[in-house]
Every structure is written in structure tokens, then in C-alpha cells.
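Colleague: Dumping the structure here so I can ask a few things about it.
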Amino acid sequence: MDADALKAACLALTGAVETFPFNPQTSVFKVGGKIFAISALDSDPLSVSLKCEPELAERLREQHPAITAGYHLNKRHWNTVLLDGSVPDSMARDLIEDSYDLVVSSLTREQRRALGQP
């Protein structure tokens with residue numbers, strides 16, 4: 001997955017927006033004002049930090065060397081995924097969607113309805 005594909009995968013999710021609250025180089029993808037993905041899209045190698053359920057986060061780290069505890073984030077709830085080709089693109093997209101879904105589930109009922117979520 002390259003930077004364009006990563007950005008497209010994040011922005012394809014309903015209500016997702018790209019912001020730059022930290023610096024102009026770091027894309028922060030949010031839904032309902034809450035972060036679900038962070039990436040320096042011009043970095044080499046490319047990586048993305050994603051929210052994850054704690055138990056799954058640990059299993060993923062054990063199974064995939066390219067998935068580590070979230071860089072500068074809560075290590076229990078965030079993973080950083082190195083997009084070096086060792087994690088299949090389909091899995092990376094699934095992890096992005098999982099992160100998005102976790103954040104959406106924490107939004108208010110009104111916010112979820114506005115996104116077309118139950």
C-alpha cells in the first residue's frame with residue numbers, strides 16, 4: 001500500500017476527514033472529531049497508526065513483525081503498521097476499517113445516525 005492508497009482508504013470511509021493538527025507533514029484522519037488513523041504520508045518507509053482492541057492489538061504484534069505498539073500513542077489501544085509489503089494491502093484496509101469502526105462506536109447516537117450507522 002502506498003501513500004495515495006492509504007489516504008484513499010481512510011477518506012473512503014463515511015464522514016472521514018484529513019486534518020493536520022500536529023504539523024503539515026502528519027495526516028490525521030478523523031471521524032466525528034476523533035482520530036482513527038495517523039500517518040506521515042511522505043515518510044519512507046510508510047506507516048500508519050491505528051486504533052485497535054487491546055487483545056487483538058497484542059495478537060497482531062505477535063503474528064506480524066511489521067505491527068508494533070503505537071508510536072507515541074497509548075500502547076494498549078494503538079498499533080503502528082509498517083506498510084512495507086509484509087502486511088497484505090487487504091489486511092491493512094481491514095485494520096483501517098476496524099479502527100474507524102471502533103471510533104464510530106464511541107460517538108454519540110446522534111453522530112452515528114448522521115453517519116448512517118445504527
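Colleague: For the range 52-72, does any single residue satisfy the condition of being within 25 Å of residue 108 (Cβ to Cβ) and among the basic types (Lys, Arg)?
Modeller: No: zero hits.
Colleague: Which one of these does residue 103 not meet: (1) in contact (Cβ under 8 Å) with a residue 60 or more places away in the chain; (2) closer than 21 Å to residue 2 by Cα; (3) among the hydrophobic types (A, V, I, L, M, F, W, C)?
Modeller: The number of the failed condition is (2).
Colleague: Just wondering, is there one or more residues in the range 50-59 that are of a type in the set (Lys, Arg) and farther than 15 Å from residue 37 by Cβ? Please lay out each step first, then the result.
Modeller: Of all residues in the range 50-59, those of a type in the set (Lys, Arg) come to 51, 59.
Now narrow it down to the ones that are farther than 15 Å from residue 37 by Cβ: 59.
The answer is yes, given that some residue of the range 50-59 is of a type in the set (Lys, Arg) and farther than 15 Å from residue 37 by Cβ.
Colleague: If I ask for residues that are under 18 Å from residue 7 (Cβ atoms), of a type in the set (S, T, N, Q) and either touching a strand residue (DSSP E or B) at 6+ places or on another chain (Cβ under 6 Å) or touching a residue at least 24 places away in the same chain (Cβ under 8 Å) (or both), which ones from the range 66-97 would you list?
Modeller: Selection gives 80 alone.
Colleague: Still on this model: Kindly state which helices (runs of 4 or more DSSP H) lie completely within the range 2-118 and contain at least 2 residues that are modelled with pLDDT of 95 or more and of a type in the set (S, T, N, Q).
Modeller: On the way: elements: 3-11, 54-63, 89-105, 109-114.
Output list reads 89-105.
Colleague: In addition: Out of all the residues in the range 20-33, is one or more crowded, with 20+ Cβ neighbours inside 10 Å, touching a strand residue (DSSP E or B) at 6+ places or on another chain (Cβ under 7 Å) and charged (D, E, K, R)?
Modeller: For the range 20-33, residues crowded, with 20+ Cβ neighbours inside 10 Å, touching a strand residue (DSSP E or B) at 6+ places or on another chain (Cβ under 7 Å) and charged (D, E, K, R): absent.
The values are calculated or read from the model by the stated rules, or taken from the named source; none is laboratory data. The shown structure was predicted, so the numbers you read here are calculated from the model rather than taken from an experiment. With ideal geometry, Cβ positions are generated from the backbone for all residues, glycine too; neighbour counts draw on all protein chains shown.
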